[in-house]
1. Looking at S192 and the list (1) farther than 29 Å from M77 by Cβ; (2) surrounded by fewer than 19 Cβ atoms within 10 Å (Cβ to Cβ), which single condition is not satisfied?
2. Would you mind finding the one in E129, E98 that is in contact with a Ser or Thr (Cβ under 6 Å, 6 or more places away or on another chain) and either closer than 18 Å to T52 by Cβ or not β-branched (V, I, T) (or both)?
3. What number of residues within the stretch 217-237 are hydrophobic (A, V, I, L, M, F, W, C), within 15 Å of the ligand (Cβ to nearest atom) and under 26 Å from R11 (Cα atoms)?
4. I'd like to check something: does the stretch 238-256 contain any residue that is away from the ligand (no atom under 16 Å from the Cβ), of a type in the set (K, R) and surrounded by 13 or more Cβ atoms within 10 Å (Cβ to Cβ)?
5. If a residue has to be within 30 Å of L155 (Cα to Cα) and hydrophobic (A, V, I, L, M, F, W, C) to count, how many in the stretch 1-54 make the cut?
6. Which condition number does V214 fail, the rest of (1) within 16 Å of the ligand (Cβ to nearest atom); (2) within 17 Å of the chain's Cα centre (by Cα) being met?
7. Would a scan of the stretch 187-195 turn up a residue that is closer than 20 Å to M1 by Cβ, touching a residue at least 40 places away in the same chain (Cβ under 8 Å) and within 23 Å of the chain's Cα centre (by Cα)?
8. So S204 passes all but one of these: (1) open to solvent by less than 10 Å² (accessible area, probe 1.4 Å); (2) farther than 19 Å from R236 by Cβ; (3) part of a helix (DSSP H, G or I). Which condition number does it fail?
Amino acid sequence: MPELPEVEVIRRQIYKIVKNRTIKKIEIMDSRVIKGITPAEFKKQLVGKKITELSRRAKYLIFNLSSGKILLVHLGMAGTLIIGDKGQKYNKYALGFEGGKVIYYCDSRMFGKTRILDNLEMLQNIGPEPLGGGLGREGFFNMLRKHKVKIKILLLNQAFLAGLGNIYACEALYYAGIHPKRKSDKITRRESDKLLEGIKKILSQSVKQGGSSVDRYVNASGEKGRMQNHLKVYGREGLPCERCGGKVKKINLGQRGTYYCPRCQK
Ligand SMILES: [Zn+2]
């Protein structure tokens, strides 16, 4: 599933292609990922409009249109945007820009959602962004203390923190030496600082590495990311922990496979 780094990688790749460009043509191959609007209305709202800005909030891509409306894209479990002239096997729609560049929305699992909105009210309950300067150590510690749930489950809650998914939640807890089942309000200030540091470091590293391709994820150039080669616990059940030599364990927590080192994470 694309998490924050994968969405950010795609945003950076397509930014120059879409910023201040006018959409000339829309082609829809499968309208099921387009929500709340008919295909005809979707085309009408986009053709002839310029994209004035492209930003990201949590796992959402936000395209501001010259009409004042917003094209909001969530990649779901397996969606991506591909720059090119053919896209991929699972093309759902294509945005054709002035100058001839085309961006395809591709999705093999149909959990992605594309909408046209008047405003971003839909995103108002999302928690703070972990990257950038907005989230500090004291603020994060206070956030943890307000909840009494297992830390791994809390980290995946988008209302608590934006953009973190299963892979990076496992990795950040390993970094901080915190057991995934620990209750969030029992985490010490020192552990909380280390956890926030891990979240920021691992997400930034992943953006630099082009994201993780543990499944089918490819970036906007159709290439796999490299972060999967740097993961310490995720997907490594039974393999040695590089810190202590013990074996990485997998448990189920909140219906998600959770990887950790029983010796290093207490
Ligand atoms: Zn270990």
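The values are calculated or read from the model by the stated rules, or taken from the named source; none is laboratory data. Note that this is a predicted model, so its numbers are computed, not measured. Methodologically, a virtual Cβ is constructed for each residue, glycine included, from the backbone with ideal geometry; neighbour enumeration extends over all protein chains shown. To get the accessible areas, we keep the full protein, side chains included, count just its heavy atoms, and leave off ligands, DNA and RNA. Shrake-Rupley method; radii C 1.70, N 1.55, O 1.52, S 1.80 Å.
1. So S192 meets the others, but not (2).
2. E98
3. Result for the stretch 217-237: 1.
4. Restricting attention to the stretch 238-256, the residues satisfying the condition of being away from the ligand (no atom under 16 Å from the Cβ) are 252-256.
Filter once more, so that each one left must be of a type in the set (K, R): 256.
Cutting the leftovers down to surrounded by 13 or more Cβ atoms within 10 Å (Cβ to Cβ) gives us 256.
Yes, some residue in the stretch 238-256 is away from the ligand (no atom under 16 Å from the Cβ), of a type in the set (K, R) and surrounded by 13 or more Cβ atoms within 10 Å (Cβ to Cβ).
5. Residues flagged as within 30 Å of L155 (Cα to Cα) and hydrophobic (A, V, I, L, M, F, W, C) within the stretch 1-54 amount to 9.
6. (1)
7. No, because not a single residue in the stretch 187-195 is closer than 20 Å to M1 by Cβ, touching a residue at least 40 places away in the same chain (Cβ under 8 Å) and within 23 Å of the chain's Cα centre (by Cα).
8. For S204, the exception is condition (1).
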